[in-house]
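A.B. asks: One structure follows; several queries about it will come next.
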Amino acid sequence: MKSPLLSLPGAVPAEGVDEAVAAHYGDLFREQRALADGTGFVDLSHRGVVTVTGDDRLSWLHLLLTQHVTDLPVGRATEALILSAHGHIEHALYLVDDGTTVWMHTEPGTQDALIAYLESMKFFYRVEVADRTGDFAVVHLPAGSIAEVPEGAVVRETPYGRDLFLPRAGLEAYAEKAGPAAGLLAYEALRVEHHRPRLGFETDHRTIPHELGWIGTAVHLQKGCYRGQETVARVQNLGKPPRRLVFLHLDGSEVHLPPHGTELRLADEGPDGRKIGFITTSVRHHELGPIALALVKRNVPLDAPLMADSTAAAQEVVVEP
């Protein structure tokens, strides 16, 4: 579902799963600085929007999610995961309850699989699951923004800003008031700066929550059983995850950023050395220069210089080994 805001002056479509919204509107660093200063907005209208209504919505979701949501206060934002039976991450959900409905947004194109799973688990619970992607669009206001929030809009308030669920039909009218628009590349640069993982970028088919630092923010360790909980408990109590998320400062003399999936090697082993990880997201930051997130093997020395193909990389710890 292409965003109507791609018609704004200077809009350049993003790529891959984000192609339905703008990567930028002509000035990447200006857009980043605006977001960092608490001005502007980001069009996230390509993300899936799913709602759950009914008297049992919170107690039912509590049984399925990694997060403790039974007593989730009205208006409080939270994050949660859905895991496979083996503890691998399948869905990442960004939720808020407005008193009658749980609203969540998900990665673009994942809402159908999410709804199919939720529908299969309804049993006798008094809940209704709905795909609202066609009716509602997600818009992000950065932390510190004083932009007006339309009356009646559902809001997720987080340390990084506010996610608004707006009627899709009113997206263009809101953009006229809330500008200037910032593209997804600006949003992603700040996400990488804050070490925030994203499903499908920092995850693959075998990622477990511990590897990305999602314990605590999206996984509650003192709640009851859910699918994949045994793996979470076993790693937490008895072991260590096989990989860990790191933050990388990339060599700024390189023209091109290493794309997602670029293999990482120890610099002192040269280009034929063993693979020790891979780039998950790389971006150009308005202050930090080229930076990235990556997954590396847990036992990679914390101070070891790395190479992403021909690009030198220095690591900072995100997840402790």
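The values are calculated or read from the model by the stated rules, or taken from the named source; none is laboratory data. In this text, all values refer to a predicted model and were calculated from it rather than measured experimentally. Quick reminder, even Gly has a Cβ in these numbers, built from the backbone with ideal geometry, and neighbours come from all protein chains shown. Side chains are part of the model used for accessible areas, which takes the heavy atoms of the whole protein and leaves out ligands, DNA and RNA. Shrake-Rupley method; radii C 1.70, N 1.55, O 1.52, S 1.80 Å.
A.B. asks: Residue 320 to residue 229: extension gain in nm, 0.36 nm per residue of separation minus the Cα-Cα distance? Each step should come with its number before you reach the end.
C.D. replies: Details: separation 91, 0.36 × 91 = 32.76 nm, distance 2.12 nm.
Roughly 30.6 nm would be gained on extension.
A.B. asks: Give the residue list of GluC sites (Glu not before Pro) in region 142-193 that are DSSP loop and have at most 10 other beta-carbon atoms within 10 angstrom. Mind showing how you got there, number by number?
C.D. replies: Working: sites: 148, 151, 157, 172, 176, 188, 193; in loops: 148, 151.
The qualifying sites are 151.
A.B. asks: Considering only protein heavy atoms and a 1.4 Å probe, what is the carbon-and-sulfur percentage of the accessible area of region 44-197? Can you show the working numbers first?
C.D. replies: On the way: 3290 of 6230 Å².
About 53 percent, which is the carbon plus sulfur part of the accessible surface.
A.B. asks: What length, rounded to one decimal in nm, is gained on full extension from residue 217 through to residue 100, with 0.36 nm per residue of separation minus their alpha-carbon distance?
C.D. replies: Numbers: separation 117, 0.36 × 117 = 42.12 nm, distance 2.38 nm.
Result: 39.7 nm gained on full extension.
A.B. asks: Under 20 Å from a label point 7 Å along Cα→Cβ of residue 310: give me every residue in region 228-269 with its amide N that close.
C.D. replies: 249-269
A.B. asks: So, one more: Counting heavy atoms of the protein chains only and a 1.4 Å probe, report the per residue accessible area for region 1-138 as a whole number of Å². Before the final figure, lay out each step's value.
C.D. replies: Numbers: 5690 Å² over 138 residues.
Roughly 41 Å² per residue, with all protein chains present.
A.B. asks: Moving on. Any chance you could check the Cα centroid distance between region 25-50 and region 218-295 for me, in angstrom?
C.D. replies: Cα centres, region 25-50 to region 218-295: 24 Å.
A.B. asks: So which residue, out of 30, 265, 132, gets the largest mean-square fluctuation from a GNM of the chain using Cα contacts under 10 Å as springs?
C.D. replies: The residue with the greatest mean-square fluctuation here is 30.
A.B. asks: Give me the percent relative contact order of the chain, please, defined on Cα pairs under 8 angstrom at least 6 residues apart. Display every interim value, and only then the final one.
C.D. replies: Numbers: 711 pairs, mean separation 60.0, N = 321.
Result for the chain is 19 percent.
A.B. asks: Which parts of region 268-286 would a label at residue 299 reach, counting a residue when its backbone N lies under 15 Å from a point 7 Å out along Cα-to-Cβ?
C.D. replies: Correct set: 274-277.
A.B. asks: Which of rounded, prolate or oblate describes region 128-174 when judged by the alpha-carbon gyration tensor and an a/c cut-off of 1.5? Show your work: numbers first, answer last.
C.D. replies: Working: a/c = 2.36, a/b = 1.46, b/c = 1.62.
Oblate, since a/c reaches 1.5 and b/c is not below a/b.
A.B. asks: Could you compute the FRET efficiency for residue 85 and residue 158, with r as their C-beta to C-beta distance and R0 at 30 Å, rounded to 0.05?
C.D. replies: Numbers: r = 30 Å, r/R0 = 1.00.
Calculated value: 0.50.
A.B. asks: Still on this structure: Rank these by accessible area, largest first, 1.4 Å probe: 123, 41. Write down the numbers at each step before the final one.
C.D. replies: On the way: 123 150, 41 0 Å².
Highest to lowest solvent-accessible surface, that is 123, 41.
A.B. asks: Between residue 19 and residue 53, what is the spin-label point distance in nm, taking each point 7 Å from the Cα along the Cα→C-beta axis?
C.D. replies: My value for the distance between the label points is 3.5 nm.
A.B. asks: While we're here: Connecting C-alpha atoms closer than 10 Å in a GNM of the chain, tell me which of 262, 66, 133 has the biggest fluctuation.
C.D. replies: 262
A.B. asks: Regarding region 3-91, what's the average projected area of the Cα-atom convex hull, expressed in nm²? Display every interim value, and only then the final one.
C.D. replies: Numbers: hull surface 34.0 nm².
Taking a quarter of the hull surface, the average projection is 8.5 nm².
A.B. asks: Assuming a ≥ b ≥ c are the square roots of the Cα gyration tensor eigenvalues, decide whether region 143-206 counts as rounded (a/c under 1.5), prolate (otherwise, with a/b larger than b/c) or oblate.
C.D. replies: Values: a/c = 2.02, a/b = 1.85, b/c = 1.10.
Prolate is the answer for region 143-206, as a/c is 1.5 or above and a/b outweighs b/c.
A.B. asks: Kirkwood hydrodynamic radius of the chain from all distinct Cα pairs, in Å?
C.D. replies: By the Kirkwood definition, the hydrodynamic radius is 20.6 Å.
A.B. asks: So for region 230-321, averaging the separation of alpha carbon pairs under 8 Å that are six or more residues apart and normalising by length, what relative contact order in percent results? Numbers along the way, then the final one.
C.D. replies: Working: 192 pairs, mean separation 34.2, N = 92.
It rounds to 37 percent for region 230-321.
A.B. asks: Take peptides 310-317, 102-109, 246-253, 31-38 and line them up by average Cβ neighbours within 10 Å, highest first, as a rough protection proxy. Let's see the in-between values first.
C.D. replies: Values: 310-317: 16.6, 102-109: 21.8, 246-253: 18.1, 31-38: 20.2.
The densest-packed peptide leads the list: 102-109, 31-38, 246-253, 310-317.
A.B. asks: Place a point 7 Å from Cα of residue 204 in the direction of its Cβ. Which residues in region 276-319 have their backbone N less than 12 Å from it?
C.D. replies: 276-280, 295-297
A.B. asks: Past the 19 angstrom mark, what percentage of all C-alpha to C-alpha distances in region 93-140 do you count?
C.D. replies: 26 percent
A.B. asks: Using Cα pairs closer than 8 Å and at least 6 residues apart in sequence, work out the relative contact order for region 61-176, in percent. Let's see the in-between values first.
C.D. replies: Working: 152 pairs, mean separation 21.3, N = 116.
This gives 18 percent for region 61-176.
A.B. asks: Size of the dipole of region 201-243 about the Cα centre, Lys and Arg at +1 and Asp and Glu at -1 on the beta carbon, nothing else charged, in debye to 20? Kindly include the intermediate steps, with their values, before the conclusion.
C.D. replies: Numbers: 6 positive and 4 negative charges, 28 e Å.
That gives region 201-243 a dipole magnitude of about 140 debye.
A.B. asks: When the chain is modelled as a GNM with alpha-carbon springs shorter than 10 Å, which of 290, 301, 258 fluctuates the most?
C.D. replies: In the Gaussian network model the winner is 301.
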